[in-house]
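Asks: My structure is below; once you've seen it, I'll send some questions.
The values are calculated or read from the model by the stated rules, or taken from the named source; none is laboratory data. Please read all numbers here as calculations on a predicted model, not as lab measurements. Cβ sites come from the backbone with ideal geometry, for glycine too, and all protein chains shown count toward neighbours. Note: accessible area is taken over every heavy atom of the protein model, side chains too, but ligands, DNA and RNA are not part of it. Shrake-Rupley method; radii C 1.70, N 1.55, O 1.52, S 1.80 Å.
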Amino acid sequence: MLRVTNGRGADVIVETGGPGTMDKSLSCIAHGGTISAVGILTGLMDRGAGKAQVAVGMRLIQRNASLKGVNIGPRDRVEEMIRMVYEEDSVRPVIDHVFGFADVKAALEHLQKGSHFGKVVIILSSV
């Protein structure tokens, strides 16, 4: 990531691996960036991992970065939510405007104006 950003790092990283990949995220985060931890696919750290936790904290401090956890709850609640949204068709998000990926700049300008009501969507592919 540092090569791709000319050494600057990423402003936002969505970390899904947990302890097994956190080091890579810490190496790639920009100064003032945010790591959003969404999952722990590589397993939990053992109870004797206090030194590793201190190291993570120090690396966050060095880059003035923050680590935020995103908790979606137990699997059965997520499955219930998915059924409600997709199968029962009972939730309809309000969409203000849809942009193609080629129009990302226009989409961000639209958001920055703050005049939108609802979601601003950027279509990434034709799926």
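Asks: To the nearest 10 degrees, how steep is helix 104-113 against the longest Cα principal axis of the chain, on a 0 to 90 scale?
Replies: 80
Asks: Here's something else I'd like to know. Pairwise over distinct Cα atoms, reciprocal of the mean inverse distance: report the Kirkwood radius of the chain in Å, one decimal place.
Replies: 17.7
Asks: Before rounding to the nearest 500, sum -39500 (n - 2.57) across all DSSP H runs of length at least 4 in the chain and divide by the residue total; then give [θ] at 222 nm in deg cm²/dmol.
Replies: Details: 4 runs with 38 residues, N = 127.
Computed ellipticity for the chain at 222 nm equals -8500 deg cm²/dmol.
Asks: What's the carbon and sulfur percent of the chain's accessible surface, probe 1.4 angstrom, rounded to a whole number?
Replies: On the way: 5630 of 9780 Å².
About 58 percent, which is the carbon plus sulfur part of the accessible surface.
Asks: Residue farthest toward the positive end of the dipole of the chain, with Cβ of Lys/Arg at +1 and Asp/Glu at -1: which of CYS28, THR16, PHE117?
Replies: Farthest towards the positive pole: CYS28.
Asks: For the chain, report the accessible area per residue in Å² (1.4 Å probe, heavy atoms, rounded to an integer). The partial results should precede the final answer.
Replies: Numbers: 9780 Å² over 127 residues.
Counting only protein heavy atoms, the per-residue value for the chain is 77 Å².
Asks: I've got another one for you. Let me know the charge dipole size of the chain about its Cα centre in debye, to the nearest 20, where only the beta-carbon of Lys, Arg (+1) and Asp, Glu (-1) is charged. Present the calculation step by step, with values, prior to reporting the outcome.
Replies: Values: 15 positive and 13 negative charges, 136 e Å.
Result for the chain is approximately 660 debye, rounded to the nearest 20.
Asks: Size of region 76-127 along its principal axes in angstrom, Cα-based, largest extent first?
Replies: 38, 25, 16
Asks: Can you sort SER27, SER125 by 1.4 Å-probe accessible area, starting with the largest? Could the numbers behind the result be given before it?
Replies: Numbers: SER27 40, SER125 65 Å².
Sorted descending by solvent-accessible area, the residues read SER125, SER27.
Asks: Where does helix 50-62 land angle-wise versus the long Cα axis of the chain, in degrees 0 to 90, nearest 10?
Replies: With both axes taken from Cα atoms, the answer is about 60 degrees.
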